Amino acid sequence: MESIKDLITSGGAIVGIEFGSTRIKAVLIDSDNAPQAMGSHTWENSLVDGIWTYSEEEIISGLQSAYADLKRDVKEKFGVPLKKIRALGFSAMMHGYLAFDGKGSLLVPFRTWRNTITGEASEKLSSLFGYPIPERWSISHLYQAILNGEEHVKDVAFFTTLAGFIHWKLSGKKVLGVGDASGMFPIDTSTKDYNKEFIEKFDSLVADKKYPWKLCQILPKVLLAGEDAGVLTEEGAKILDPAGDLEAGARMAPPEGDAGTGMVATNSVAKRTGNVSAGTSVFAMVVLEKDLSKAYNGLIDLVTTPDGALVAMAHANNCMGEFDHWVSLFDEVISAVTGSQVDKRKLYSTLLNSALKGDKDCGGLLPFNYLSGESITALSEGRPLFVRSQHASFTMANFIRAQLFTALGALRTGMDILFDKENVKIDTLTGHGGFFKDAEIGLSVMSAALHTPVSALETAGEGGPWGMAVLASYLVNGNGEGLDSWLEKNVFASSKKTTVEPKPEDVEGFNKFFARYTRGLAIEKSAIENIE
């Protein structure tokens, strides 16, 4: 306690902050890269005029709230104020579109990764480049705005991701970590920068519009993990900590996406390693030994690790969001019957663990968790559904198990491409995120869905913000060592790991459910067409 107190007082602590879909989380780590204090802020995206968004005011106030909560935690645990930080890093949901004019004003509301409104742009760019350009990617949003004839495009002086925006506001630097940048525009892994050939093709594609910019002029500069990304400015310190306690000068790591911080948090940056992040959305990533044989019409993303290695990512927009709605409904029912509030953590744990008692194939139940559209299954909108036949076994255990299975249905669609068509090999697959808070059920369901062993580290619950703090630590402590070896020696050398091998009966059960799920997509499509 005293050594950590002295570290904080002397300004030696390191902080990582990540903007997730439903929570903004801050983590302070010590000189051993272990988390010592945390803060958070709950928020939710809004559907405004058909666009999933967070306002600029929500972004800044949420940042301030999460940091203030971190300060409070530091004060309560160690009895000292948080005034100085050695290094700082920001990460956030990848992709999306934040466009600014020359004065730094936001031109249109933030368009998040969750929007599935860029299908035409995604298809045309993928064809132009011969490379998968998913709907979520920033370049898809920019080109769709061009195709739509949106007036604001001519005024774009800079566009970036959420992490890039926060970093810019606090440091003045228009930069982006290579992992996050790889979700804006394709990266050439030989140069670890934007693909110049593709940039030239894009500029030629839109040349007739006579915009006053070229693409390379409005993209953020690409940086690798460990490279200098500026310092916290006086103005930035005041934004982060309006109370005025925080000093400027903290060194800042390249801002990263949640995919990159997930790789770091699970020690999955070396080749043949992979990780799966499951929470509001779900994505699995594998560091590749070689390029994929083809693009697969954007069903598989190609992104990079924070140090620029090629990664294949299967991404699904929907995971546990619909399950959380059901938990809230059960909470309401219990409160109405008992007249008292139930412990949410106990309710969540009880429901999750009931799934272990369900039929292996969920007894014939079929929910769809599509709160929003799902590119990987070619659905532009979402309609949460629950379907069963008269003969299905409608029990709580089967209902909850089915909710967990369907949360991984779209992910399985993408991973089948990597496993079955590309013969991708994985030595280790590590899980993190809310899906794994109860390790037994989370690992059991995930291993059944992906028919492969899945592990969870003891730090799995810390997730992205801890991964970002570790990247900030690497900035000041890496000393030129490769990221993968530095992580192995300095962060995970003594880390405890829980691994679950897939049980044949669970794999068979998920396969039966998945066949039902795939056939049932026609129901989901019909619901989108007929129910507003």
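The values are calculated or read from the model by the stated rules, or taken from the named source; none is laboratory data. Remember, it's a predicted structure, so these values are computed and weren't measured experimentally. Cβ coordinates were reconstructed from backbone atoms using ideal geometry, including for glycine residues, and neighbour counts include every protein chain displayed. Each accessible area value is taken on the protein alone, full model and side chains, heavy atoms only, with ligands, DNA and RNA left out. Shrake-Rupley method; radii C 1.70, N 1.55, O 1.52, S 1.80 Å.
Yes or no, residue by residue, for (1) farther than 21 Å from residue 358 by Cα; (2) crowded, with 16+ Cβ neighbours inside 10 Å; (3) not aromatic (Phe, Trp, Tyr):
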| site | (1), (2), (3) |
| --- | --- |
| 440 | no, no, yes |
| 467 | yes, yes, yes |
| 490 | yes, yes, yes |
| 504 | no, no, yes |
| 513 | no, yes, no |
| 519 | yes, no, yes |
| 527 | yes, yes, yes |
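Quick one: residue 476 ticks every box in (1) under 24 Å from residue 282 (Cα atoms); (2) surrounded by fewer than 24 Cβ atoms within 10 Å (Cβ to Cβ); (3) not hydroxyl-bearing (Ser, Thr, Tyr) bar one, so which box is it?
Of the numbered conditions (1) under 24 Å from residue 282 (Cα atoms); (2) surrounded by fewer than 24 Cβ atoms within 10 Å (Cβ to Cβ); (3) not hydroxyl-bearing (Ser, Thr, Tyr), the odd one out for residue 476 is (1).
Considering only residues that are of a type in the set (Phe, Trp, Tyr) and surrounded by fewer than 20 Cβ atoms within 10 Å (Cβ to Cβ), which ones fall in the range 402-425?
419 - this is the single residue of the range 402-425 that is of a type in the set (Phe, Trp, Tyr) and surrounded by fewer than 20 Cβ atoms within 10 Å (Cβ to Cβ).
For the range 385-399, name all the residues that are within 11 Å of residue 365 (Cβ to Cβ), among the aliphatic types (A, V, I, L, M) and either in contact (Cβ under 8 Å) with a residue 60 or more places away in the chain or not in a helix (DSSP H, G or I) (or both).
Within the range 385-399, 387, 392 qualify.
Taking residue 331 as the residue in question, decide whether it is in a helix (DSSP H, G or I) and in contact with a Lys or Arg (Cβ under 8 Å, 6 or more places away or on another chain).
yes
Select from the range 384-401 the residues that are buried (at least 20 other Cβ atoms within 10 Å of the Cβ) and in contact with an Asp or Glu (Cβ under 9 Å, 6 or more places away or on another chain) and list them in ascending order. Steps first, answer last, please.
Looking only at the range 384-401, we keep the residues that are buried (at least 20 other Cβ atoms within 10 Å of the Cβ), and these are 398-401.
Within the range 384-401, 398, 401 meet the criteria.
Mind checking which residues of the range 368-383 are touching a Lys or Arg at 6+ places or on another chain (Cβ under 9 Å) and either open to solvent by less than 10 Å² (accessible area, probe 1.4 Å) or without any contact (Cβ under 8 Å) to a residue 40 or more places away in the chain (or both)?
368, 370, 372, 373, 378
If you take the residues in the range 207-225 that are of a type in the set (D, E, K, R) and either free of Cβ contacts under 8 Å to residues at least 40 places away in the same chain or part of a loop (DSSP other than H, G, I, E, B) (or both), which one is surrounded by the most Cβ atoms within 10 Å (Cβ to Cβ)?
The first filter runs over the range 207-225 and keeps only residues of a type in the set (D, E, K, R), leaving 208-210, 214, 221.
Among the residues that remain, those that are also either free of Cβ contacts under 8 Å to residues at least 40 places away in the same chain or part of a loop (DSSP other than H, G, I, E, B) (or both) are: 208, 210, 214.
Values: 208: 7, 210: 7, 214: 14.
Within the range 207-225, the match that is surrounded by the most Cβ atoms within 10 Å (Cβ to Cβ) is 214.
From 204, 190, which residue is more than 22 Å from residue 257 (Cα to Cα) and either over 21 Å from the mean Cα position of the chain (by Cα) or open to solvent by 10 Å² or more (accessible area, probe 1.4 Å) (or both)?
None of the others qualify; the one that does is 204.
Here's the yes/no breakdown for (1) within 27 Å of residue 467 (Cβ to Cβ); (2) out of contact with any Asp or Glu (no Cβ under 6 Å at 6 or more places or on another chain); (3) of a type in the set (Ser, Thr, Tyr):
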site	(1), (2), (3)
70	yes, yes, no
73	yes, yes, no
77	yes, yes, no
96	yes, yes, no
109	no, yes, no
140	yes, yes, yes
149	no, yes, no
152	no, yes, no
159	yes, yes, no
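Conditions: (1) open to solvent by 40 Å² or more (accessible area, probe 1.4 Å); (2) in contact (Cβ under 8 Å) with a residue 24 or more places away in the chain. Residue 47 meets all but one. Number of the miss?
Against the list (1) open to solvent by 40 Å² or more (accessible area, probe 1.4 Å); (2) in contact (Cβ under 8 Å) with a residue 24 or more places away in the chain, residue 47 comes up short only on (2).
Tell me, which helices (runs of 4 or more DSSP H) lie completely within the range 423-521 with 3 or more residues that are touching a residue at least 24 places away in the same chain (Cβ under 8 Å) and more than 30 Å from residue 413 (Cβ to Cβ)?
Those helices (runs of 4 or more DSSP H) span 463-477, 483-490.
Spot the failing condition for residue 363; the list is (1) open to solvent by less than 20 Å² (accessible area, probe 1.4 Å); (2) under 29 Å from the mean Cα position of the chain (by Cα); (3) not β-branched (Val, Ile, Thr), and only one is missed.
So residue 363 meets the others, but not (2).
Give me the pairs: first residue in the range 149-178 and basic (Lys, Arg), second residue open to solvent by 40 Å² or more (accessible area, probe 1.4 Å), beta-carbon distance under 7 Å, and six or more apart or on different chains, which are they?
154/211; 154/212; 174/168; 174/221
So is residue 256 under 13 Å from the mean Cα position of the chain (by Cα) and closer than 14 Å to residue 88 by Cβ or not?
On the way: under 13 Å from the mean Cα position of the chain (by Cα): yes; closer than 14 Å to residue 88 by Cβ: yes.
For residue 256, the condition - under 13 Å from the mean Cα position of the chain (by Cα) and closer than 14 Å to residue 88 by Cβ - is met.
What is the number of the single condition among (1) in contact with a strand residue (DSSP E or B) (Cβ under 9 Å, 6 or more places away or on another chain); (2) surrounded by fewer than 24 Cβ atoms within 10 Å (Cβ to Cβ); (3) among the β-branched types (Val, Ile, Thr) that residue 160 does not meet?
So the condition that residue 160 fails would be (2).
Under 8 Å by Cβ, and 6 or more places apart or on different chains, what pairs join a residue from the range 136-147 that is within 15 Å of residue 315 (Cβ to Cβ) with one that is assigned to a helix (DSSP H, G or I)?
Within 8 Å, the pairs are 136/375; 137/122; 140/121; 140/122; 140/125.
Only residues that are in a loop (DSSP other than H, G, I, E, B) and without any contact (Cβ under 8 Å) to a residue 24 or more places away in the chain: list them for the range 231-248, please.
Those that are in a loop (DSSP other than H, G, I, E, B) and without any contact (Cβ under 8 Å) to a residue 24 or more places away in the chain: 244, 248.
Given the conditions (1) surrounded by 23 or more Cβ atoms within 10 Å (Cβ to Cβ); (2) without any contact (Cβ under 8 Å) to a residue 60 or more places away in the chain, which single one is not true for residue 34?
All conditions pass for residue 34, except number (1).
Quick check on this structure: which one of 82, 63, 70 is buried (at least 19 other Cβ atoms within 10 Å of the Cβ) and free of Cβ contacts under 8 Å to residues at least 60 places away in the same chain? Outline the logic, then answer.
Numbers: 82 fails: free of Cβ contacts under 8 Å to residues at least 60 places away in the same chain; 63 fails: free of Cβ contacts under 8 Å to residues at least 60 places away in the same chain.
Matching residue, one of 82, 63, 70: 70.
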